[in-house]
Amino acid sequence: MGWAESFGPNHFRDLQPQDPNGHSRDNRTWTRNSKFGLLAKVFGEILTDSVSKVLAMKMELPEKIPEYATNRDLQPIGRSGLVLSANSATTGSGVFTPKRYVRLSPIGYHANACQLFIEAYMSGAVRDRNSRDASDSQFKQYGFPVRENHIGLTIGFSAILHSEKFDFNRPSVNEKWTMAAAVLDGDKTGFDLVCEEFDDMAEVVADVAEKMKPEAPAILDGRVARVRIRLPDQSLDSHDWSECGVIEKMDQLAEIIGPKLLRI
């Protein structure tokens, strides 16, 4: 039996942040719970299984899903060239996350710059106070509130070419979250290549939006290519994940996104 089959939603019924709406000092306790890591294993398995089926490539989960922020020398899974990572429990400033997510990212880019992901907010969440990119605000009206005794899952893909005030000659520290950072760090041969890869991702996002018809409109503005599919709330009394359809929907999303990710 796999992780998702062995640990259904009911296993995480008591895994609840004190403040489900934003980073808070009060959320430390839930991130210290062993089930916080276990939930990442469940999401990681769903994500990698979907992509591995599309790529016809074995992608074994690591013993522990690494947190990108605390270990940036991560190795790709198998021959995929894709790195699996989970969100960090803390930002490092004494506050702790209210959500759980896992993503697959091409090894040449920062995990937040180009990612296929599963994101979950916990019972009672009515908003997301946090944002990293200006485009985040365009999604905040969707997916909330999460019903009591439920978990709210979103799957999707995000590619961010550069920040709103990007200056290639004088890049700011904010660029570390974007695809442009790969050039600035010397990991790519030139910005033109990064732009070509971003354009490829934008085409795929448009394809996802057309085929999966998410409630939140996809963002395609030449700087950002993002699509988010909010799934039905999943009851935490259930023994399996079928109510929200995360496995089936991730299979559908991976079928569209996976081949492009492999070519980056």
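The values are calculated or read from the model by the stated rules, or taken from the named source; none is laboratory data. Since we're looking at a predicted model, the values are computed, not measured. Glycine also receives a Cβ, built like all others from the backbone with ideal geometry; neighbour counts cover every protein chain displayed.
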In the range 115-137, residue farthest from Trp177 (Cα to Cα) [restricted to those that are touching a strand residue (DSSP E or B) at 6+ places or on another chain (Cβ under 6 Å) and modelled with pLDDT under 95]: Ser135
Quick one: which strands (runs of 3 or more DSSP E) sit completely within the range 88-174 and have at least 3 residues that are more than 25 Å from Ala206 (Cβ to Cβ)? 150-160
In the set Ile77, Ile46, the lone residue that is closer than 22 Å to His150 by Cα, touching a residue at least 12 places away in the same chain (Cβ under 8 Å), surrounded by 16 or more Cβ atoms within 10 Å (Cβ to Cβ) and not aromatic (Phe, Trp, Tyr) is Ile46
Find the residue count for the range 68-90, including only residues that are under 26 Å from Arg132 (Cβ atoms), touching a helix residue (DSSP H, G or I) at 6+ places or on another chain (Cβ under 9 Å) and not aliphatic (A, V, I, L, M). 6
Scan the range 36-51 and tell me whether some residue there is small (Gly, Ala, Ser), modelled with pLDDT under 95 and closer than 22 Å to Gly108 by Cβ. no
Output for the range 230-246, where each listed residue is surrounded by fewer than 18 Cβ atoms within 10 Å (Cβ to Cβ) and either out of contact with any strand residue (DSSP E or B) (no Cβ under 6 Å at 6 or more places or on another chain) or over 23 Å from Asn149 (Cα atoms) (or both): Pro232, Asp237, Ser238, His239, Asp240, Ser242, Gly245
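Condition check ((1) modelled with pLDDT of 95 or more; (2) among the aliphatic types (A, V, I, L, M); (3) over 30 Å from Phe12 (Cβ atoms)) across all residues:
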{"residue": "Pro171", "(1), (2), (3)": "no, no, yes"}
{"residue": "Trp177", "(1), (2), (3)": "no, no, no"}
{"residue": "Ala181", "(1), (2), (3)": "no, yes, yes"}
{"residue": "Asp187", "(1), (2), (3)": "no, no, yes"}
{"residue": "Phe191", "(1), (2), (3)": "no, no, yes"}
{"residue": "Asp199", "(1), (2), (3)": "yes, no, yes"}
{"residue": "Lys213", "(1), (2), (3)": "yes, no, no"}
{"residue": "Asp237", "(1), (2), (3)": "yes, no, no"}
For the range 108-129, which residues satisfy the criterion of being surrounded by 23 or more Cβ atoms within 10 Å (Cβ to Cβ), of a type outside the set (A, V, I, L, M) and farther than 30 Å from Cys195 by Cβ? Tyr121
State whether the residues of the range 130-140 include one that is over 18 Å from Tyr101 (Cβ atoms), surrounded by fewer than 16 Cβ atoms within 10 Å (Cβ to Cβ) and free of Cβ contacts under 8 Å to residues at least 40 places away in the same chain. yes
Yes or no: Ile160 β-branched (Val, Ile, Thr) and in contact with a helix residue (DSSP H, G or I) (Cβ under 9 Å, 6 or more places away or on another chain)? yes
Is there any pair linking a residue in the range 8-28 that is assigned to a loop (DSSP other than H, G, I, E, B) to one that is of a type in the set (Asp, Glu), with Cβ under 6 Å and at least six apart or on different chains, and which? Gly8/Asp240; Gln18/Asp26; Asp19/Asp26
Pairs please, first residue from the range 190-217 and farther than 14 Å from Glu255 by Cα, second anywhere and of a type in the set (Lys, Arg) and in a helix (DSSP H, G or I), Cβ atoms under 6 Å, 6+ apart in sequence or on different chains. Asp200/Lys260
